[in-house]
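**Student:** Questions regarding the structure given below will be posed in turn.
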Amino acid sequence: MASAVERTDDLVREYLIYRGFTSTLKHLDSEIKADKEKGFRVDKIIDQLQQLIQSFDLTGLKEYWTYLDRRLFSRLEDVYRPTVNKLRTSLYRFYIIHTVQMKNTEKTQEFFLKQVLELQAQPEWRDWFALPFIPAPEQNPSFSPYFSRQWADTFLVSLHNFLSVLFQSSPQPVLLSFDGEVQRITSVQEESEQLREKKVLLLYDTRQTIHKPIQTRRYSEKKNDSDPETQTEALPDQTDSTNQTRVCDVGGASVEQPFIKLSQEEYIEHHSSIMHCRVDCSGRRVASLDVDGVVKVWAFNPIMQTKATIMSKSPLLSLEWAAKPDRLLLLGSGVGTVKLYDTDAKKSLYEMTIDDIHPRILSLACSPSGTSFVCSAAAPAAQSGVVMEGEARVSAPVSGQLLLWDTKTVKQQLQFALEPGPVAINCTAFNHNGNLLVTGAADGMIRLFDMQRYESALSWKAHDGEVYSVEFSYDENTVFSIGEDGKFVQWNIHRCGVKQSEYSLSQDAVGPFVLSGYSGYKQVQVPRGRLFAFDSEGQHVLTCSSNGGNIYRLNKADAGLESVLSLGGHKAPVVTVDWCSAMDCGTCLTASMDGKIKLSTLLAQKP
């Protein structure tokens, strides 16, 4: 609608100039400048609301929303009133959170004093009156979600979508000729010529509600019909404008776009290639490990901030968050030890000696119960995680062990039998309750363990070459794996590893990853961290790429992977990813060989 209004304003302005009505033109320009509807431009309205919030102008904010309600929302049908009320509630909460974040306690208290009569009877506000008296509300479970960037982005996008649909559905001022084309008067001669041939009508029925179609009639002087032609614009069937979906063209067909990228931030505290990057169970913190053995623990809500830096005398090769309590971090070294680190106290609690013969701790996985963890220990190899191009990789799988440790007693519980022989396990993952453990090994085998009997339940040859990454599917009836052969495969665990689907991936998504430097120098990195991650419903997968992360919709094997979103943002190959889902937002982590980690916030578009 905004473009139609702007075109009409231009036509009216030009007509006034042509007629010499300069005084009227000044009044028009003055009123356009003070227009609260901003020419029906949604971005300008959102900017105005944010400006009022940032300046702590509560009175102005209320007055502006009241104007929008009277001028626009009051024309909506009653079924949309709850949506308007929810948006107003979120707007007020957005204001309050801003006052708390800016430490303006006076404005926080002022809000509740002025709004007490209006809000005290509303159940959704009952707990909020305690907010000014809570020392750290951003850490309180009841309020912490509202301090996150995801919540703020979700609200602003929802409001933007609502206003956009409202304006698109509103009756518009239209200049129509008999052939339906917009006419622009540019000269007296052209005007006279046009008026002799056509009669132009401006139809704008402000009495109609936005859910009734406007009828635009076309007249011709040459036809003195008493029955003019009528054209009706059908409006979209819209039940909740906060749940709008994007549609994009893929291969000539319309495909629903499931995600909107709201923002992308960069974490730049590492100075070498990333090996691992994982979000904790609560979705509050990230732990990232680079090839120099430096671990960074950092938060991204409400702002990106480093919480701890861990420097180790011995090289670190793996990391994993503990499930309970989630502040604990497991760090696997290259000298046969695993360290249990408290990220809140910023100190090491225990250091366990795992195996001297197999000193490389390649993978760690903590049971969801929090009582135990498994670790993969491998024999020394000729190459480290990063090798120079031209160096030979070990052709035969190296020896390794898979061990179960008790987290509380800090003692080894058992060693798993690895058939057909001792082999290095590259990746490990538990199912949701810890009853099953899936592993991927250097011999191309996937092994599924029954964690109640502590024995192998299934094993099968999965890839030609090493298995780099493995995860359970959302329903846990299948497992997915990525291997050295460039294949992304789904396996049925109820039919002894029967292949359910198979997709081919490029080297950008699988590795080994290559970073070119000056004078022909090339750095090659063997995959170590997670190469793929699923969304909260298991319908989409995030993979690595040469310049960011790629999100695909999972289809049947014959349909292939359907690309839905490229996150981009990187200048070096992405080597590991993670995906944390919270509410309607998802946070995608993509970490690259230049030490940069991109944090992309997505809004899930649910039908």
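**Student:** Within the set of pairs 6+ apart or on separate chains, which have a first residue in the range 152-163 that is farther than 11 Å from Leu91 by Cβ, a second that is charged (D, E, K, R), and C-beta atoms under 7 Å apart?
**Tutor:** What qualifies is Thr154/Asp584.
**Student:** Oh, and also: Just one of (1) free of Cβ contacts under 8 Å to residues at least 60 places away in the same chain; (2) more than 31 Å from the chain's Cα centre (by Cα) trips up Leu72, so point out which.
**Tutor:** (1)
**Student:** Report, ordered by the first and then the second residue, all pairs with beta carbons closer than 6 Å, sequence separation of six or more or different chains, a first member in the range 463-492 that is closer than 12 Å to Met445 by Cβ and open to solvent by 10 Å² or more (accessible area, probe 1.4 Å), and a second member that is of a type in the set (D, E, K, R) and not in a strand (DSSP E or B).
**Tutor:** Note: pairs meeting the criteria are Asp464/Asp485; Gly465/Glu484; Gly465/Asp485; Glu466/Glu484.
**Student:** Identify all residues within the range 70-82 that are open to solvent by less than 40 Å² (accessible area, probe 1.4 Å) and in a helix (DSSP H, G or I); write none if there are none.
**Tutor:** Phe73, Tyr80
**Student:** A further question on this structure: Scanning the range 525-551 for residues that are closer than 13 Å to Pro573 by Cβ and surrounded by fewer than 19 Cβ atoms within 10 Å (Cβ to Cβ), which turns out nearest to the chain's Cα centre (by Cα)?
**Tutor:** Among those that are closer than 13 Å to Pro573 by Cβ and surrounded by fewer than 19 Cβ atoms within 10 Å (Cβ to Cβ), it is Asn547.
**Student:** May I ask you to verify whether Lys339 is open to solvent by less than 50 Å² (accessible area, probe 1.4 Å) and either among the basic types (Lys, Arg) or modelled with pLDDT of 95 or more (or both)?
**Tutor:** Criteria met by Lys339.
**Student:** Now for a separate question. Listed residues Leu458, Leu437, Leu515; which is surrounded by 23 or more Cβ atoms within 10 Å (Cβ to Cβ) and in a strand (DSSP E or B)?
**Tutor:** Every option except Leu437 fails the conditions.
**Student:** Report the residue count in the range 297-310 for those that are closer than 12 Å to Val279 by Cα and in a strand (DSSP E or B).
**Tutor:** The number of residues fulfilling the criteria is 3.
**Student:** If I filter the range 91-102 for residues that are open to solvent by 40 Å² or more (accessible area, probe 1.4 Å), at pLDDT 90 or above, farther than 22 Å from Asn161 by Cβ and not β-branched (Val, Ile, Thr), do I get at least one hit?
**Tutor:** Within the range 91-102, one or more residues are open to solvent by 40 Å² or more (accessible area, probe 1.4 Å), at pLDDT 90 or above, farther than 22 Å from Asn161 by Cβ and not β-branched (Val, Ile, Thr).
**Student:** When both residues are 6+ apart or on different chains and their Cβ atoms are under 9 Å apart, which pairs have a first residue that lies in the range 342-358 and is closer than 30 Å to Val398 by Cβ, and a second that is of a type in the set (Ser, Thr, Tyr) and part of a loop (DSSP other than H, G, I, E, B)?
**Tutor:** Listed by first residue and then by second, the contacts come to Ile357/Ser399; His358/Ser399.
**Student:** Applying the selection to the range 422-434, what residues are open to solvent by 20 Å² or more (accessible area, probe 1.4 Å) and more than 17 Å from Phe480 (Cβ to Cβ)?
**Tutor:** Pro422, Asn433 - these are the residues of the range 422-434 that are open to solvent by 20 Å² or more (accessible area, probe 1.4 Å) and more than 17 Å from Phe480 (Cβ to Cβ).
**Student:** Considering only the range 580-588, I want to know if a residue exists there that is of a type in the set (A, V, I, L, M), modelled with pLDDT of 90 or more and within 22 Å of Arg278 (Cα to Cα).
**Tutor:** no
**Student:** Taking the range 303-324, which residues are in contact with a Leu (Cβ under 9 Å, 6 or more places away or on another chain), over 15 Å from Asp290 (Cα atoms) and aliphatic (A, V, I, L, M)?
**Tutor:** Met304, Ala322 - these are the residues of the range 303-324 that are in contact with a Leu (Cβ under 9 Å, 6 or more places away or on another chain), over 15 Å from Asp290 (Cα atoms) and aliphatic (A, V, I, L, M).
**Student:** Oh, and also: Working only within the range 523-553, note down all residues that are touching a His at 6+ places or on another chain (Cβ under 7 Å) and farther than 16 Å from Arg278 by Cα.
**Tutor:** Those that are touching a His at 6+ places or on another chain (Cβ under 7 Å) and farther than 16 Å from Arg278 by Cα: Asn547, Gly548, Ile551, Tyr552, Arg553.
The values are calculated or read from the model by the stated rules, or taken from the named source; none is laboratory data. All values derive from a computational prediction rather than experimental measurement. Note that each Cβ is placed from the backbone with ideal geometry, even for glycine, and that neighbours are counted across all protein chains shown. The accessibility values were calculated without ligands, DNA or RNA, using every heavy atom of the protein model including side chains. Shrake-Rupley method; radii C 1.70, N 1.55, O 1.52, S 1.80 Å.
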